[in-house]
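As structure tokens, the structure follows; a few thoughts come after it.
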Amino acid sequence: MPRITPFIWFDTESEDAAQLYTSVFPNSTIGTVTRYGSAGPRPEGMVMTVEFQLDGQDFVALNGGPDFKPNEAISFSVDCQGQDEVDYYWEALSDGGEQGPCGWLKDRFGVSWQIVPRELTRLLADPDAEKAQRVMGAMLKMGKIEVAELERAAAG
């Protein structure tokens, strides 16, 4: 199967975004950086694309101009192992951005992320429907997901 690579459109911030993301996620690197030439459409020498990897997942960031902005219709979900990872990614990615409800945030570039502990997924899939609904009710009241609160809700 061909690889699917997310391609994120920015105005002028692609290099800064790639630097932030590769500093936040382990095993991440910046690869090829291409620049606009004399043919344009942006100024010659300006960064056009930045290829980068976040823990093995390829991405490309494009300085495409001000025509399009990231929005919540597309988000990147971070599968976290416990509260410490939730706290780390929540703080690192929301710094300068916007914290939202139910584990969602926008980073300082407007890109949407979901910071999701594995415990949430497990508890929402519990065969006890009442337990799962208590967990859902608790999660809907949260910004950053708090695992201990989810566990309390599950316990009833």
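Scanning the range 78-131 for residues that are small (G, A, S), open to solvent by less than 50 Å² (accessible area, probe 1.4 Å) and in a loop (DSSP other than H, G, I, E, B) turns up G82, G97, G100, G103, G110.
Note on the range 56-74: among residues that are charged (D, E, K, R) and in a loop (DSSP other than H, G, I, E, B), the one that is farthest from D16 (Cα to Cα) is E72. V50: under 30 Å from E151 (Cα atoms) and surrounded by 16 or more Cβ atoms within 10 Å (Cβ to Cβ), yes or no? So V50 does not fit the description; no. Residues that are open to solvent by 60 Å² or more (accessible area, probe 1.4 Å) and closer than 20 Å to V86 by Cα within the range 7-40 comprise S23, P26, N27, listed in sequence order.
Among residues of the range 40-53 that are assigned to a loop (DSSP other than H, G, I, E, B), those with a beta-carbon under 9 Å from a residue that is small (G, A, S) and buried (at least 17 other Cβ atoms within 10 Å of the Cβ) at least six positions away or on a different chain give the pairs R42/G64.
The values are calculated or read from the model by the stated rules, or taken from the named source; none is laboratory data. Given the structure is predicted, the values throughout are model-derived calculations rather than measurements. Cβ: placed from backbone, ideal geometry, glycine included. Neighbour counts: every protein chain shown. Surface accessibility is based on the protein's heavy atoms, side chains included, excluding ligands, DNA and RNA. Shrake-Rupley method; radii C 1.70, N 1.55, O 1.52, S 1.80 Å.
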